[in-house]
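Nothing in this text is a laboratory measurement; each read-out follows from the coordinates by a stated rule. Every value quoted in this text rests on a predicted model; they were computed, and no experiment measured them. Here the Cβ is made from the backbone with ideal geometry for all residues, glycine too, and neighbour counts use every protein chain on show.
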Amino acid sequence: MTKAIQIAGWTAVIALLAALPCLADDSAVLRNGFSIRHERRQVIGIVTRLYLSADNSSFVDIPTAEIDHFEAAPTETVTAPAGKDDPASHLHLQPSERNIERALDLNEVVNTASGTYHLDPDLVNSVIRAESGFNVRAVSPKGAQGLMQLMPQTASQLGVHNAFNPQANVEGGTRYLRELLERYDFDLIKALAAYNAGPQRVEQYGGVPPYYETKAYVARIVRDYNKKVAAKNAAQPASKKSGANKTTNTPRRAPATSVSSPKIQAKAKATPARDSN
């Protein structure tokens, strides 16, 4: 009885600590070995929301069961700017930090790929969540692999030789999503449907194909992305909102605005969604 009370007590303490804000630049280490650097976290039901920015405008929801532990983000070592053969070039600011291999951070991988292909990182994160639940080793019944669930043929066309390499997978998947957006004149609904069911099906039906799984997939991403857009808009100062409509010469980017798909969402509520990949 006493042991049961102790276990219950520790469970309550762990839950309380998980709900508290973390220090800046903490990392959530997932069971698959991946880590996600974040500013703070919040437990919501069976998921833990990791806030990626200080103003809470960007976040990602991870199933709590997939998080192994939290730790302070590793400090990068800095090499002194000296000549190649200068002994000083091998010194680091902190001797205790020598030979520490920095954990791969999902936030950095997504931000880098999103910047390269001019997409909203929140959109890419929403796609990853729907595709693999952030499981680097995920494999679908049809053979899609990795974080963004690339089919072998698609991965080969994108130059991704190892779909289980997180950086290569996210790079390839983000590039593919960008290509689909351009193909459908930045219609996010059609691009997501094509990512899931293939461009041939979207063109065959002139839009989202009449497959429940594809409709549920699109709706799931749209809902998740819209939550992030709403949070970002709420945190954005009015001055920035008014200036956001100014024209620039930068490459066209998938707009960070809410996407409406009432018909898709209505059908997706019936039963839990399952990816068609």
Furthest towards positive pole of dipole, Ala219, Ser140, Tyr205, structure part the stretch 118-242, Cβ charges: Ala219
Segment Asp185-Ala235, length gained on full extension (0.36 nm per residue, minus Cα span): 15.1 nm
Per-residue HN-Hα couplings for the stretch 107-122 [Karplus 6.51, -1.76, 1.60; θ = phi - 60°; Hz; x = Gly/Pro]: 4, 5, 4, 5, 4, 5, 5, 5, x, 4, 10, 6, 10, 6, x, 5
Amide H partners (placed H, <5 Å) of Ser53, local residues excluded: Glu39, Ser58
Residue-span extension gain [Lys142 to Glu203] - 0.36 nm each, minus C-alpha spacing: 19.8 nm
Rounded FRET efficiency, nearest 0.05, which uses the C-beta distance separating Ser53 from Gln157 and R0 of 45 Å: 0.85
Radius 12 Å from Cβ of Gly159, net charge of other residues (Lys, Arg +1; Asp, Glu -1): 0
Hull shadow area, averaged, the stretch 120-238 [alpha-carbon convex hull, nm²]: 7.9 nm²
Simple spin-label estimate for Asn111 and Ile44 in nanometres, 7 Å along Cα-Cβ: 2.1 nm
Charge context of Glu66, other residues only, Cβ under 15 angstrom, K/R +1, D/E -1: +2
